[in-house]
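What follows is calculated from the coordinates using simple rules that are stated; it is not laboratory data. This is a predicted model, so every value here is computed, not measured. Neighbour counts run over all protein chains shown; Cβ positions are idealised from the backbone, glycine included.
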Amino acid sequence: MNLHEEKYNKYALVREMMETSGIVDSFDPEVSKEFVHGVTSKKGLFLTGEGSSRIFPAKRAIYASLKKGLPFTVVTDGCTQAEEYDLDKFAVFAASNSGQTKEVVRLTTLLKNRKHDAVFGLTANPNTKLEEIASATSVLKCGKEDAVAATKSVVEQGLFYDSLLRKIAGEKMEGLGELAKKTEEALTLNIDPAITNTIRNASIIYFAGRNTGVAEELALKTNEITRKKSAYLEGTFAVHGIEEVMDKSEVLIWIEPFQAEQEKFNECLVKGVGMNIVAISSKPTMFPTIIIPDGGEYAEYVQLAAGWNVLVETGISLGINLDKPTRARKVGNEYIPE
């Protein structure tokens, strides 16, 4: 996709996706500095929110903390389930772009009523209900999103958590200029029309890949952007029983496939089911592959951008209005003051 052709630039969704590289380039890692003491005063960090505000930012943070071996527990769950947890030993970060998400407001209110002293907010809008409740709140710089599908805000939320964990670990957050360039490249890659055609004709679009939030977030965006059914198949879920009900009209998009698992997926899904597998990867695979830049320690941001690119091409090829889903809403469940 690009901003030069009218078929792309007429959509707020595309324009907001294309702002992402600039948001990455201008991100200030110091925005999380004021939260370090409050977070490290607890034994762990609980990241919550609903939908896109939780899936990619929280799961990427967990993946990064485990990969680095940080001596600090990072976990996530949805707000309503979190009401059943004892979170006294955790610093809690609740993300809501609107700052008005009902489940977020309900959980943070509950925790404050329990005298929890480390409940923080992350939002894209100032002066919200979340900011009123939270001990402290960081307001994103990305600006308002007009498209229903959240995009640029998801990336900035991820960068915020990334900067916070790096500060806790005593690391510097460097290389954002290079990441911005690679994100731009992933957003503007020319997608092979044969791959777009395979995806647009699929009855169901499955996603597989590491549990970093990338594949899961793209599964959600598939519903909003292409109006097709989708599912995220974690780990080896795709070859552990679901193949019994798959058929050749479906497709699996695999994000950065593990080399050790490719033959098994090929045997079960391509040969066994007769379905197509398409890979998005920084290196060649045994499947039709969209080759993307290697983002290194920031790889997930580049992968997400490439996935957006694929979904936009698919949606446009289907003649869909990318900005106006019929039922999906910008705020899934909005808090309305009584």
Problem - Cα Rg, Dmax, the chain, angstrom units - result: 19.7, 57
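Rank the residues 326, 314, 222, 289 as a footprinting-exposure proxy: fewest other Cβ atoms within 10 Å of their Cβ go first.
On the way: 326 6, 314 25, 222 28, 289 19.
Result, fewest neighbours first: 326, 289, 314, 222.
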Exercise for the section: Find, to one decimal place in angstroms, the Kirkwood hydrodynamic radius of the range 178-317, where the mean of 1/r is taken over every pair of different Cα atoms and then inverted. Expected result: 14.8
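If we count other beta carbons within 10 Å of each Cβ, what is the order of 104, 245, 251, fewest first? Spell out each step's value before the answer.
Numbers: 104 31, 245 8, 251 23.
The fewest-first ordering by Cβ neighbours comes to 245, 251, 104.
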Completion exercise
Put in order of increasing Cβ neighbours within 10 Å, starting from the fewest, 133, 225, 320 give 320, 133, 225
Exercise for the section: Over the range 201-248, consider all pairs of different Cα atoms and compute the Kirkwood hydrodynamic radius from their mean reciprocal separation; express it in Å, one decimal. Expected result: 11.2
Exercise for the section: With springs only between Cα atoms under 10 Å apart, run a GNM on the chain and tell me which of 175, 241, 99 wobbles the most. Expected result: 241
Handout entry: FRET efficiency, 1/(1 + (r/R0)^6) with R0 41 Å, evaluated for residue 188 and residue 267 via beta carbons
Key = 0.70
Problem - Amide H partners (placed H, <5 Å) of residue 99, local residues excluded - result: 124
Handout entry: Calculated from backbone phi, Karplus (6.51, -1.76, 1.60) coupling profile of the range 156-161 in Hz, x at Gly/Pro
Key = 5, 4, x, 5, 4, 5
Handout entry: GNM top mover of 56, 237, 93 - the chain, alpha-carbon springs below 10 Å
Key = 237
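By how many nm would the segment from residue 115 to residue 291 lengthen if fully extended, with 0.36 nm per residue of separation less the alpha-carbon distance? Before the final figure, lay out each step's value.
Numbers: separation 176, 0.36 × 176 = 63.36 nm, distance 5.00 nm.
Gain on extension, residue 115 to residue 291, equals 58.4 nm.
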Handout entry: Antiparallel bridge percentage (DSSP; both residues within the chain; nearest 5)
Key = 5
Practice task
Starting from the amide H of residue 255, placed 1.01 Å from N in the peptide plane, find each other amide H under 5 Å away whose residue is 5 or more places distant or on another chain.
Solution key: 208, 209, 280
Handout entry: Normalised contact order of the range 6-174, rounded percent, pairs of Cα under 8 Å and 6 or more residues apart
Key = 30
Practice task
Using the structure shown, select from 144/221; 59/228; 141/324 the pairs with a Cα to Cα distance greater than 20 angstrom.
Solution key: 59/228; 141/324
Problem - Point-to-point label distance, residue 139-residue 326, nm (Cα→Cβ direction, 7 Å offset) - result: 3.8
